[in-house]
């Protein structure tokens, strides 16, 4: 993996970062499969820690290659990269809390609302106008995400806390996307991914020791293999490719493409775990694809976020 040169996101310059973003969404979409294979021997917070910690040597090697080739900026790491690491730790922590306190379907749906918070922050905080095509794409992606989990969604007052955790998960992921995009304005993808992952691992280690002390270490080789897959595919691959893409693509559009993570997760559940897909879920996937196509970046006008 390497940083992409900056050029206009319109036209042919879009293909490579978009491919990186889609492949990154697939890699992150595989994470529930690896987590499922690693449990119950390793707890949810412990698996989140191992996801990041085991990826650090590979990410460090990538950063060193980036430094030697001169494709990344050297010097002190920017605060935005450290903020991205803290935000991603919050994303993983509240995601696991949500899964434990509500249904997986509810947790998944509320977590997929992250693009809403990206749009709101872009509009209210960054003071950039969001295009109508992007808003239309967001609506289609949200409808598609709801369709993917529609048959399992449930309104249960006893699970409201878990649903709220899912919304908090979405806000943290939105913060992560915006902070990572800001960090990539002057840093190489490898450098940003490594240092943000260091911060994430440090925070998750504290959580794992506090809450998963008895289920921290894996005993079986199969469990370590699942954790290694989680680290190499979902963290190094998924987050690394996302960092590459965010150097070239707007955070708002990138947040919509991350909806594909839910599509890939559903497909992986069908292929690997034998979980069947319904016609409604197929329709949800189609809506997400349509929404992404509608919101695809064009040359933005002044003050507008594509």
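Just want the ordering: 39, 98, from fewest to most Cβ atoms lying within 10 Å of their own Cβ.
Numbers: 39 15, 98 27.
Taking fewest neighbouring Cβ atoms as first place, the list is 39, 98.
If one computes the Cα centroid of region 168-231 and of region 100-134, what distance in Å separates the two points?
Cα centroid to Cα centroid, the span is 21 Å.
Sorted from largest down, give the three principal axis spans of the alpha carbons of the chain, whole angstrom values.
Principal axes ranked by extent give 52, 46, 33 Å for the Cα atoms.
Rounded to the nearest 500 deg cm²/dmol, what is the calculated helix-only ellipticity per residue at 222 nm for the chain, with -39500 (n - 2.57) per DSSP H run of length n ≥ 4? List each step's numbers first, then the result.
Values: 15 runs with 203 residues, N = 306.
Rounded to the nearest 500, it is -21000 deg cm²/dmol.
Determine by what factor the alpha-carbon radius of gyration of region 154-306 differs from 2.2 N^0.38 Å, reporting the quotient.
Numbers: Rg = 18.4 Å, N = 153, 2.2 N^0.38 = 14.9 Å.
Relative to the rule-of-thumb radius for its length, region 154-306 sits at 1.23.
From zero up to wherever the largest Cα-Cα distance of region 45-147 sits, split into 10 Å bins and tell me the percent of pairs in each.
Per 10 Å bin, starting at zero, the Cα-Cα P(r) for region 45-147 comes out as 12, 28, 31, 26, 4 percent.
Would you look at the GNM of the chain, springs on alpha carbons closer than 10 Å, and say which of 235, 281, 219 moves the most?
Ranking 235, 281, 219 by mean-square fluctuation puts 219 first.
We did not get these values from a lab; they are worked out from the coordinates using the rules stated. Keep in mind the model is a prediction, meaning the values are calculated, not measured. Quick reminder, even Gly has a Cβ in these numbers, built from the backbone with ideal geometry, and neighbours come from all protein chains shown.
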